[in-house]
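What follows is a set of notes on a single structure, which appears directly below.
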Amino acid sequence: MASSWQRRKYIYCNMLKQQILFTLRRLGRHKLTTTINLLGLTFGILSCVVIYLYVAFEFSYDKFHADSDRIFRVVATAADETGLDESQYAARVAQAIGSRHTNVKLREEDFLRQLPDALKAIDQPTFDALNTYFVSRAAREAGMTVALAGTGGDELFGGYPSFAELPRMLRAGAWVPWPLDSAIDGAYRAGAALYWKVLGQAPPQTRWGKIADVASGGGDLLRLYQTSYALFTREAQSRLASSRVRVAQRSQDFGLPAEVADAWRDRIEDSEILHAISLLELSSFVGERLLRDTDAASMAVSLEARVPLLDWALCEKVAGVDPARRFSPLGKKRLLRDLALKRLDPAIFDRPKSGFVLPIGEWAKRRLQPEMERVLSDAPLVGRAGLDPESVRTLWKSYVAGKPGLYWSRVWSLYALLSWCQSHDVALAA
């Protein structure tokens, strides 16, 4: 038995030896083929190793952190009011991208308690930064130090109603004969004076209340843009302002300094209409308000907010996309969804645009009302801020009484301005 095993072992070893010698002779005889095969085998092995290392790195990225599961998180801040909670959509987004979801409820008592800190955190008067302050504070209290904001998505890809409304306003303005502009403006001012002086209430400041400004704006896209975003009609702005401020208003072009208006007109000159609106949104709404408000509000709670959609390279690339592909269908941001959000359920986006809105309108008529009335009725404070005390008081009473066409943002903007002036001891120069 042993001899049989030794014989087989000898045969196998001899066969292996002969095979190795045969292979070496062939390799020496066919040097080019051998080199090509060896290089191919080497590159194949190296490619497999590189792919393995890449996949391993991607799956282990940031795993060395003690709290690696908390690095990327979706934080949703919802007001504790019916119809204003979008946390279900935030939770679905977090699930789709494999992130943790933190939902923070903002109750009325929490808002009132944190409001003084929020107003002090804003170094310039603005009514639009409180949303960012409260969501930044919620993110910071959840343990985050850096947050990504979606600022720029609506402006770059046509998500706002302005992309549909402004072209319609331009077409409507083209049908108004220029002699009729003055007649419409005069008739509106007469009617507004009846509201202020006879009825003792503020006239509507919503879409139909701006018809005179739309007629005056005519075919000027910049003026129509300013009209669409204005909280007050030009007549109401003049009525609410003190006599000194009214003098300054006369030198402005629909609320803009003349040099700014000229620069923005040059920026949009000869641009396709939707691209021109995008440029105005980026110049005005983003450049003058959102970026500054986001920076001030987030840094007030030691949170670093980043805006990747406003990277200059991305903005330049998007600006070169055909408008038909970039903006269609209006309000849906389809291009952004196709490029970056393929893994998300389309049903998350197939709904009316809402945004993060605080129910200040309801709160202003409840527990917040005494504080707002105190500030808005402070005639010396109102006067120092360059406003007309009687008109401000009329506006506030009209809002509290529920008069039509007066949204919360109208009175809130004045309250934010006056509170800021009071907190920082600011007054119109003598």
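The values are calculated or read from the model by the stated rules, or taken from the named source; none is laboratory data. Note that the structure is a prediction, hence the values are computed from the model and not measured. As a convention, Cβ positions derive from the backbone with ideal geometry for all residues, glycine included, and neighbour counts pool all protein chains shown.
Take the conditions free of Cβ contacts under 8 Å to residues at least 12 places away in the same chain, of a type outside the set (Lys, Arg) and either surrounded by 18 or more Cβ atoms within 10 Å (Cβ to Cβ) or closer than 19 Å to PRO204 by Cα (or both) and apply them to GLY386. Does it pass?
The answer is no for GLY386.
Only one of GLU316, GLU272 is within 29 Å of PHE327 (Cβ to Cβ) and either in contact with a Pro (Cβ under 8 Å, 6 or more places away or on another chain) or basic (Lys, Arg) (or both); which?
GLU272
Which condition breaks for LEU156 when tested against (1) modelled with pLDDT under 85; (2) of a type in the set (A, V, I, L, M); (3) touching a helix residue (DSSP H, G or I) at 6+ places or on another chain (Cβ under 7 Å)?
(1)
Say whether the condition of being of a type in the set (Lys, Arg), under 28 Å from the mean Cα position of the chain (by Cα), farther than 24 Å from LEU106 by Cα and at pLDDT below 90 is met by at least one residue in region 345-352.
No, region 345-352 has no match at all.
Suppose we keep only residues that are aliphatic (A, V, I, L, M) and within 16 Å of GLY209 (Cβ to Cβ) within region 397-416. Which one would you say is surrounded by the fewest Cβ atoms within 10 Å (Cβ to Cβ)?
LEU406
Assuming LYS397 fulfils every condition listed in (1) within 30 Å of VAL93 (Cβ to Cβ); (2) part of a helix (DSSP H, G or I); (3) in contact (Cβ under 8 Å) with a residue 24 or more places away in the chain apart from one, which condition is it?
(1)
Do we have ARG337 as in a helix (DSSP H, G or I), farther than 22 Å from ARG107 by Cα and in contact with a Leu (Cβ under 7 Å, 6 or more places away or on another chain) here?
In short, no.
Quick check, is ALA192 surrounded by fewer than 16 Cβ atoms within 10 Å (Cβ to Cβ), among the small types (Gly, Ala, Ser) and either in a helix (DSSP H, G or I) or not assigned by TED's automatic domain parsing to the domain that holds GLY219 (or both)?
no
Any residue at all in region 293-311 that is assigned to a helix (DSSP H, G or I), within 18 Å of the chain's Cα centre (by Cα) and over 17 Å from GLY150 (Cβ atoms)?
Looking for residues that are assigned to a helix (DSSP H, G or I), within 18 Å of the chain's Cα centre (by Cα) and over 17 Å from GLY150 (Cβ atoms), one finds at least one in region 293-311, hence yes.
How many residues does region 300-316 contain that are within 21 Å of LEU280 (Cβ to Cβ) and surrounded by 11 or more Cβ atoms within 10 Å (Cβ to Cβ)? Even if it seems obvious, please write down each step before you answer.
As a first pass, look at region 300-316 and keep what is within 21 Å of LEU280 (Cβ to Cβ): 307, 309-312, 314-316.
From what is left, the residues that are surrounded by 11 or more Cβ atoms within 10 Å (Cβ to Cβ) are 307, 309-311, 314-315.
Total satisfying the criteria: 6.
Please tell me if VAL245 is surrounded by fewer than 21 Cβ atoms within 10 Å (Cβ to Cβ), assigned to a loop (DSSP other than H, G, I, E, B), in contact (Cβ under 8 Å) with a residue 12 or more places away in the chain and of a type in the set (A, V, I, L, M). Write out each step before concluding.
Working: surrounded by fewer than 21 Cβ atoms within 10 Å (Cβ to Cβ): yes; assigned to a loop (DSSP other than H, G, I, E, B): no; in contact (Cβ under 8 Å) with a residue 12 or more places away in the chain: yes; of a type in the set (A, V, I, L, M): yes.
Spelling it out, it is not the case that VAL245 is surrounded by fewer than 21 Cβ atoms within 10 Å (Cβ to Cβ), assigned to a loop (DSSP other than H, G, I, E, B), in contact (Cβ under 8 Å) with a residue 12 or more places away in the chain and of a type in the set (A, V, I, L, M).
Is one or more of the residues making up region 220-241 at pLDDT 90 or above, surrounded by 17 or more Cβ atoms within 10 Å (Cβ to Cβ) and more than 21 Å from ASP185 (Cβ to Cβ)?
Among the residues of region 220-241, not one is at pLDDT 90 or above, surrounded by 17 or more Cβ atoms within 10 Å (Cβ to Cβ) and more than 21 Å from ASP185 (Cβ to Cβ), which makes the answer no.
With the requirement that a residue be in contact with a helix residue (DSSP H, G or I) (Cβ under 7 Å, 6 or more places away or on another chain) and either among the charged types (D, E, K, R) or modelled with pLDDT under 75 (or both), what does region 5-60 give you?
LEU27
Quickly run through region 172-182 and pick out the residues that are exposed (fewer than 10 other Cβ atoms within 10 Å of the Cβ) and modelled with pLDDT of 75 or more.
Of everything in region 172-182, nothing turns out to be exposed (fewer than 10 other Cβ atoms within 10 Å of the Cβ) and modelled with pLDDT of 75 or more.
Hey, could you check region 141-168 for residues that are β-branched (Val, Ile, Thr) and part of a loop (DSSP other than H, G, I, E, B) and say which is nearest to LEU106 (Cα to Cα)? Steps first, please.
Residues of region 141-168 that are β-branched (Val, Ile, Thr), as a first pass: 145-146, 151.
Now drop any that are not part of a loop (DSSP other than H, G, I, E, B), which leaves 145, 151.
Values: THR145: 20, THR151: 22 Å.
This residue is THR145.
If you go through region 238-248, how many residues are under 10 Å from SER391 (Cα atoms) and of a type outside the set (Ser, Thr, Tyr)?
Summing the residues that are under 10 Å from SER391 (Cα atoms) and of a type outside the set (Ser, Thr, Tyr) in region 238-248 gives 3.
Could you check region 385-401 and list, in sequence order, the residues that are over 30 Å from the mean Cα position of the chain (by Cα) and not hydrophobic (A, V, I, L, M, F, W, C)?
The answer is GLY386, ASP388, PRO389, GLU390, SER391, ARG393, THR394, LYS397, SER398.
Identify the residue in region 205-232 that is among the aromatic types (Phe, Trp, Tyr) and assigned to a helix (DSSP H, G or I) and, among all such residues, is farthest from VAL411 (Cα to Cα).
Per the stated criteria, the residue is TYR225.
So for region 373-387 (the condition being of a type outside the set (A, V, I, L, M, F, W, C) and touching a Ser or Thr at 6+ places or on another chain (Cβ under 8 Å)), does at least one residue qualify?
yes
Which of the residues that make up region 132-153 are over 11 Å from the mean Cα position of the chain (by Cα), among the polar types (S, T, N, Q) and either surrounded by 19 or more Cβ atoms within 10 Å (Cβ to Cβ) or modelled with pLDDT of 90 or more (or both)?
If the condition is that a residue be over 11 Å from the mean Cα position of the chain (by Cα), among the polar types (S, T, N, Q) and either surrounded by 19 or more Cβ atoms within 10 Å (Cβ to Cβ) or modelled with pLDDT of 90 or more (or both), then SER136 is the only one that fits.
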